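Below is one structure, written out as structure tokens, with a few remarks after it.
Every number here is computed from the coordinates shown, using simple stated rules; none is lab data. None of the values given here were measured: they were computed from a predicted structure. Methodologically, a virtual Cβ is constructed for each residue, glycine included, from the backbone with ideal geometry; neighbour enumeration extends over all protein chains shown.
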């Protein structure tokens, strides 16, 4: 953190220019390291889908408009279509495939099924990656907050009421019991 | 998408040197504009210099109550930083009303200031556009110009500046700090944005290889009760048709100090100095606010589809000032 302009912060090194042809790149996705060769222009979304066969993340607009490609990088939800894969070296990428634990669906995935929060399902992986992050961020307090902070995920089938209901369920299941005290810290 | 070379740098000095040495290179921060425009073929760097490892992500106190915001601080982090939300709520609100949370998590503050216009003729890569290809003409003048600017336009370009936060930063006299091949400098935000004039391809005074390192917000007590309102075609995740950042200091019913800046209507983030001059010393009433709005909008130049923005801006200013006089709250 902080704002550090000093060159002393890191020893001067020779800058390595890579590409434009294939470069060996190590991507850490859902906790597993993958060594791939790819050009610097390849998006994280294309690397996930075409190189790692992780096709859960969807390509809708490919220009940062629809949210279908939402994944987490270092725990924050971002758009994989506007992220170059090579910039993710040394960072932790999490996709919809990484949400399950030992084959058990994540509570948000179960809630989406229970509330019929999709029709065609194309936007759903992005919706779910956004929804889980939304609650972690603390931005799911009210229906208005949910609508506002989920606005980057478009659903052409307009399953929004089901999506909001699923989010409310997971949020409320996590909330402390009424009257519960904090950790005292 | 055209082929790209890539380098990751770890200091400001290395970043500046690397880009300066390669004429066809560009900095890469959040990438939300840059990657989009490269894919569209509008931006054509041969080398992207990834600056995301630079230690420029903090929000720090400046003496007297001001703030220094690192150029690589992300929009979402700056919006919820207690110093920003507490001392400059208009800035925080402007950030939260821009883009989506995913984009706010990616987009850096420095990159936000450098984002390119959303004019469809600029982005289509085909139409005559003086900003993209100087000398080819402006397709928006007689085209679909509903979203275009009414203030600061020229015969060569009427594209609206798209940033929300830059509007709030303009209201509070932010200063852009840079490091470049010629050393460091501080650029007042009003000078950072250039009117299109007859060189719309030039949007800011940054030299090739000059990097924004931080944004200074000078101390401004008035900003503590600032507001930001945004009016658009849908409720969220959309650019402004009109936006207003306002702050008022009222004593005994008289406006002692006013800050007003407009988005969605200008070719740059629009500090409404004519309106501020009208407001200072005037009664804090709706009549004064309307007169101030009229003074600012007197210079509006409308086109076929965007004339509605004059009335929309007038009403937005009056509402914004009314809320600001009540002490903000949103």
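A few notes on this one:
- Shielding score for A:62-69, defined as the mean number of other chain Cβ atoms within 10 Å: 4
- Label zone at residue A:156, where the point sits 7 Å out along the Cα-to-Cβ direction: the range B:87-126 residues whose backbone N lies under 15 Å: none
- The stretch between residue B:44 and residue B:287, if pulled fully straight at 0.36 nm per residue, gains 82.5 nm over its current Cα-Cα span.
- For the range B:73-115, backbone nitrogen atoms closer than 20 Å to the point 7 Å from residue A:74 Cα along Cα-to-C-beta are found at B:73-82, B:100-113.
- Taking label points 7 Å from Cα along the Cα-to-Cβ direction, residue A:92 and residue B:315 give a separation of 4.9 nm.
- Whole-angstrom gap from the range B:149-190 to the range A:108-182, using each part's C-alpha centre: 37
- Rounded tilt (10° steps) of A:160-174 against the dominant C-alpha axis of chain A: 90
- Label zone at residue B:305 (point 7 Å along Cα-to-Cβ), backbone N below 18 Å, the range A:42-63: none
- Protection proxy ranking of A:164-172, A:136-144, B:266-274 - average other beta-carbon atoms within 10 Å, highest first: B:266-274, A:164-172, A:136-144
- Peptide A:70-81, shielding by other chains (average Cβ, 10 Å cutoff): 4
- P(r), alpha carbons of the range B:5-53 - 10 Å bins starting at zero, rounded %: 29, 55, 16, 0
- Fully extending the segment from residue A:100 to residue A:120 would add 5.1 nm, taking 0.36 nm per residue of separation and subtracting the current Cα-Cα distance.
- Relative packing of B:152-164, B:182-194, which averages over residues the other C-beta atoms within 10 Å, highest first: B:152-164, B:182-194
- Translational diffusion of the range A:22-97, µm² s⁻¹ [Kirkwood Rh, Cα pairs; Stokes-Einstein; 37 °C; 0.692 mPa s]: 275
- When the P(r) of the range A:107-174 is calculated, the portion above 16 Å amounts to 33% of the C-alpha pairs.
- Mean Cα-pair separation over length for chain B, i.e. relative contact order, pairs under 8 Å, 6 or more apart, %: 17
- Principal-axis analysis of the Cα atoms of chain B puts helix B:286-297 at an angle of about 40° to the longest axis.
- Summary value for the range A:107-174: 50 percent relative contact order, contacts being C-alpha pairs under 8 angstrom separated by 6+ residues.
- Using a simple spin-label model with pseudo-atoms 7 Å out from Cα toward Cβ, residue A:147 and residue A:174 lie 2.2 nm apart.
- Residues residue A:37 and residue B:273, FRET efficiency given R0 of 60 Å [Cβ-Cβ distance, rounded to 0.05]: 0.60
- The antiparallel fraction among DSSP beta bridges confined to chain B stands at about 80%.
- Set the Cα radius of gyration of the protein assembly as shown against 2.2 N^0.38 Å, with N its number of residues, and you get 0.98.
- Average Cα contact separation per residue, chain A, under 8 Å, 6 or more apart, as relative contact order %: 19
- For the range B:1-130, the spread of Cα positions along the three principal axes, ordered from largest to smallest, is 46, 35, 25 Å.
- Put in order of Cβ neighbour count within 10 Å, fewest first, the listed residues A:88, A:120 become A:120, A:88.
- FRET efficiency, residue A:14 to residue B:204 (Cβ-Cβ, R0 25 Å, nearest 0.05): 0.25
- Computed from Cα positions, the angle between helix A:124-137 and the longest principal axis of chain A comes to roughly 80 degrees.
- For the range B:228-325, the Rg and Dmax computed from alpha carbons only, in angstrom: 13.1, 44
- Evaluated at q = 0.09 Å⁻¹: base-10 log I(q)/I(0), Debye formula over Cα of chain B: -0.45
- For chain A, fraction of C-alpha pairs farther apart than 31 Å, in %: 27
- Peptide A:150-156 has a mean shielding of 4, counted as Cβ atoms of other protein chains within 10 Å of each residue's Cβ.
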